[in-house]
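The structure appears right after this line, and notes come after that.
The values are calculated or read from the model by the stated rules, or taken from the named source; none is laboratory data. Being a predicted model, the structure only gives us computed values, none of them experimental. Here the Cβ positions follow ideal geometry from the backbone for every residue, glycine too, while neighbour counts run over all protein chains shown. Please note that ligands, DNA and RNA were not included when accessible areas were found on the heavy atoms of the full protein model with its side chains. Shrake-Rupley method; radii C 1.70, N 1.55, O 1.52, S 1.80 Å.
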Amino acid sequence: MKKLRLIALAFISLTCVGFGCVLAQNSEQGFGSNNTFFLDFNDPRPAAQDQFLKKIFIRDSTYTYTAGVAEGDWLLESKRMLTYDSQGRRISSARSLWIDQNWSRDSWLTFSYTSDDRLSAQLRTIWDGVADIWKNDTEMRYYYNYAGLENELITLSWDGSRWVMSKLTEKNYTFFNAVDNEIRYEWDTSVNNWKPTEKTLYTYSDGIVQEETYQLWDDSLSKWHNNYTKQFSYNSDQKLILTTHSVWNESEAKFEASVSTFMEYNENGQLLNSEQLAANGITNGNLTAQDVLYNNEGNASEVIQSEWDPDTKEWLVSAKLVHYWSKFTIGNLNSRPSEITCRFANPYTIGLPWFCESLKTDVLYTIELYDQIGRIFYTGQFLGQHTFRISKQVPPGFYNVVIRGGLDVHAEKVIVRQ
């Protein structure tokens with residue numbers, strides 16, 4: 001274990017709004033500190049009811065272990081079981097605790113979706129062992145703007161008899177559909193209105209997020225105050241390789257670096273390891289580390305977590321997550337698509353023609369461009385033919401292109417350049 005390059009992925013609240021960012025917050029894991037990064041196990045994008053998309057792997061369960069007294073000794077702590085519908089959308093996530101050699105129910109998440117496959121609500125219930133029933137805890141409701149981008153997230157809490165307002169997040173976007181700022185509120189029962197608490201500002205370069213600035217609301221002065229920043233650096237493949245966390249020094253009126261996180265990737269572009277360091281080296285506690293192992297199919301099978309011990313000046317293993325994956329087929333299992341093959345310049349310049357074979361001349365096809373976190377940047381329709389073009393300017397970066405028509409589907413990764 002000493003040979004592992006243990007990662008400290010500062011997953012504090014990193015929201016991947018930039019191109020090529022491979023991490024996203026996974027709030028349902030239920031373990032780790034606010035300084036920990038977790039892998040992004042996003043659910044696959046669902047297909048229409050009459051479409052056959054492809055066979056994929058989905059994560060159906062995760063078991064969490066804590067480190068025992070002896071080295072290499074793991075103690076089973078909890079498990080999370082995930083279920084999906086026929087379109088590959090996650091519909092539930094149940095967590096159980098291993099207590100006295102038995103599984104004890106703990107919490108349960110259920111998800112619902114809009115008619116156009118966007119997440120509309122997430123309900124969290126907790127198990128009451130005395131009453132032997134599930135009890136409401138919180139509900140998150142998602143709202144979208146005209147462009148299909150999430151612009152409001154409202155959290156409600158259950159007071160025992162009804163849902164009451166708890167938290168609100170508002171998102172505003174740039175002209176290229178990246179998050180410009182987020183403002184978070186808490187419900188103030190004394191005035192029956194929202195009270196601002198935090199704000200995040202995003203700075204971009206060539207469409208890629210470079211910095212996030214976090215501010216706190218001072219109610220007495222009715223103004224925002226700086227709290228901390230996160231600055232991001234990328235490699236030539238636009239993968240995040242460095243995050244620097246800096247805290248605001250009020251007396252000096254400047255940000256001072258406190259923790260940096262270095263990330264590395266394997267030859268397949270998957271997150272392999274990382275290391276979290278204090279600004280002046282590894283000298284204090286509250287630093288975390290992880291190392292990721294993959295199975296033969298390329299799915300993350302284990303994540304080893306460690307914490308820095310300032311007394312022994314060593315990384316001490318603290319937890320292990322074991323992920324299990326299943327083959328899954330999205331769409332109509334009784335149908336088969338026609339094979340679509342496309343040829344085009346990649347990197348791609350907007351306006352150049354695409355050449356696709358096996359398109360049916362009488363079928364109306366839809367082409368969609370999604371960024372690396374699933375936001376749609378372009379959609380258009382065309383009758384099946386050998387050539388077509390993307391007519392709208394989109395920011396340079398990495399995209400997933402999906403062409404759909406009837407039961408035919410083609411998906412491909414594209415680099416868009418100026």
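Here is a check on your reading of the model: is residue 253 at pLDDT 90 or above and open to solvent by less than 30 Å² (accessible area, probe 1.4 Å)? Outline the logic, then answer.
On the way: at pLDDT 90 or above: yes; open to solvent by less than 30 Å² (accessible area, probe 1.4 Å): no.
Considered against the rule, which asks whether it is at pLDDT 90 or above and open to solvent by less than 30 Å² (accessible area, probe 1.4 Å), residue 253 comes out as no.
Check segment 312-320 and report whether any residue there is at pLDDT below 90, assigned to a loop (DSSP other than H, G, I, E, B) and surrounded by fewer than 18 Cβ atoms within 10 Å (Cβ to Cβ).
Yes, the conditions are met somewhere in segment 312-320.
For the condition under 19 Å from residue 417 (Cα atoms), among the hydroxyl-bearing types (Ser, Thr, Tyr) and open to solvent by less than 50 Å² (accessible area, probe 1.4 Å), what is the one hit in 234, 202? Break it down into steps so the answer makes sense when it comes.
Numbers: 202 fails: under 19 Å from residue 417 (Cα atoms).
Testing whether each residue is under 19 Å from residue 417 (Cα atoms), among the hydroxyl-bearing types (Ser, Thr, Tyr) and open to solvent by less than 50 Å² (accessible area, probe 1.4 Å) leaves just 234.
For segment 220-230, state whether one or more residues are surrounded by fewer than 18 Cβ atoms within 10 Å (Cβ to Cβ) and charged (D, E, K, R).
Yes, the conditions are met somewhere in segment 220-230.
What's the number of the condition residue 167 fails, among (1) of a type in the set (Lys, Arg); (2) open to solvent by 80 Å² or more (accessible area, probe 1.4 Å); (3) touching a residue at least 24 places away in the same chain (Cβ under 8 Å)?
With (1) of a type in the set (Lys, Arg); (2) open to solvent by 80 Å² or more (accessible area, probe 1.4 Å); (3) touching a residue at least 24 places away in the same chain (Cβ under 8 Å) applied to residue 167, the lone miss is (3).
Identify, from the list 116, 137, the residue that is out of contact with any strand residue (DSSP E or B) (no Cβ under 7 Å at 6 or more places or on another chain) and on the phi < 0 side of the Ramachandran plot.
Values: 137 fails: out of contact with any strand residue (DSSP E or B) (no Cβ under 7 Å at 6 or more places or on another chain).
Selected residue: 116, the only one of 116, 137 that is out of contact with any strand residue (DSSP E or B) (no Cβ under 7 Å at 6 or more places or on another chain) and on the phi < 0 side of the Ramachandran plot.
What's the total number of residues in segment 237-262 that are over 15 Å from residue 273 (Cα atoms) and either among the β-branched types (Val, Ile, Thr) or outside any strand (DSSP E or B) (or both)?
The first filter runs over segment 237-262 and keeps only residues over 15 Å from residue 273 (Cα atoms), leaving 237-238, 244-259.
In the following step, the residues that additionally are either among the β-branched types (Val, Ile, Thr) or outside any strand (DSSP E or B) (or both) were identified as 237-238, 244, 247, 250-253, 259.
Total meeting the criteria: 9.
Scan segment 295-311 for residues that are in contact with a Ser or Thr (Cβ under 6 Å, 6 or more places away or on another chain) and open to solvent by 40 Å² or more (accessible area, probe 1.4 Å) and jot them down.
Across segment 295-311, the qualifying residues are 295, 307.
Considering each residue of segment 111-128, count those that are free of Cβ contacts under 8 Å to residues at least 40 places away in the same chain and open to solvent by less than 60 Å² (accessible area, probe 1.4 Å), and give that number.
Within segment 111-128, residues that are free of Cβ contacts under 8 Å to residues at least 40 places away in the same chain and open to solvent by less than 60 Å² (accessible area, probe 1.4 Å) number 11.
Against the definition (touching a residue at least 60 places away in the same chain (Cβ under 8 Å) and either in contact with a Gly (Cβ under 7 Å, 6 or more places away or on another chain) or assigned to a strand (DSSP E or B) (or both)), how does residue 107 come out, yes or no?
Values: touching a residue at least 60 places away in the same chain (Cβ under 8 Å): yes; either in contact with a Gly (Cβ under 7 Å, 6 or more places away or on another chain) or assigned to a strand (DSSP E or B) (or both): yes.
So residue 107 fits the description; yes.
Residue 248 passes all but one of (1) within 30 Å of residue 396 (Cα to Cα); (2) among the hydrophobic types (A, V, I, L, M, F, W, C); (3) surrounded by 18 or more Cβ atoms within 10 Å (Cβ to Cβ); which number fails?
(1)
Looking only at residues that are modelled with pLDDT of 95 or more and among the small types (Gly, Ala, Ser) in segment 125-166, which one is farthest from residue 188 (Cα to Cα)?
157
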